[in-house]
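The values are calculated or read from the model by the stated rules, or taken from the named source; none is laboratory data. If you're wondering where the values come from, they're calculated on a predicted model, not measured in any experiment. Here the Cβ is made from the backbone with ideal geometry for all residues, glycine too, and neighbour counts use every protein chain on show. These area figures cover heavy atoms from the full protein model, side chains too; ligands, DNA and RNA do not enter into them. Shrake-Rupley method; radii C 1.70, N 1.55, O 1.52, S 1.80 Å.
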Amino acid sequence: MITDRERAAFEAGIKLGALYHQFVGTPIARETAAAVETAIEQAVGLQPYVTNITVRLNREMMVSNRFGYSELAGKMFDAAITTEVGTTVCRARLHLEDDYPMMEIVEFHETPRDTDH
């Protein structure tokens, strides 16, 4: 039997992994970064168990090519996601650590059960 804690961690990890691999290579420019951040948040936020997501892209790493845009790289991501399964809330993130885009669980906590029913 899989616990709510295990499932919440799995859901957070799989969504961050999908976010990373789905959007790396997307054409981007500093002028369009905010729209891309919002689009990623809205797309990932539709998925089951996601209760919150924020995505920030490092604009300093966006160096335009001769056509006026850059390509989104994994190192540009700073993302935080919250998933909730049953009474377990999991917060995880994707961020640059030692020049590598790392994914990690930040914390777990339990929400109180509704005992009014």
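Remarks
- Ranking L96, L57 by solvent-accessible area of protein heavy atoms (1.4 Å probe, all protein chains present), from largest to smallest, gives L96, L57.
- Volume per residue of the C-alpha convex hull in the chain, rounded to whole Å³: 110 Å³
- Against the chain, whose longest principal axis comes from its Cα atoms, helix 4-23 is set at around 10 degrees.
- Here is the list for segment 1-80: chymotrypsin sites (Phe, Trp or Tyr not before Pro) lying in DSSP coil, each with at most 11 other C-beta atoms within 10 angstrom of its C-beta, are F67.
- Cα centroid separation - segment 47-93 against segment 1-28, whole Å: 11 Å
- Carbon + sulfur, % of accessible area of segment 1-90 - ligands and nucleic acids excluded, 1.4 Å: 54 percent
- Prolate/oblate/rounded label for segment 36-96 (Cα gyration tensor, a/c 1.5): prolate
- Helix 33-45 axis, angle to the chain major axis (alpha carbon atoms, nearest 10°): 30 degrees
- Counting only protein heavy atoms and a 1.4 Å probe, segment 26-106 has 55 square angstrom of accessible area per residue.
- Choice from A12, A73, A43 with maximal GNM fluctuation in the chain (Cα, 10 Å cutoff): A43
- Candidates H21, A8, T87 compared by Cα position along the dipole of the chain: farthest toward the positive end lies H21, with charges placed on Cβ.
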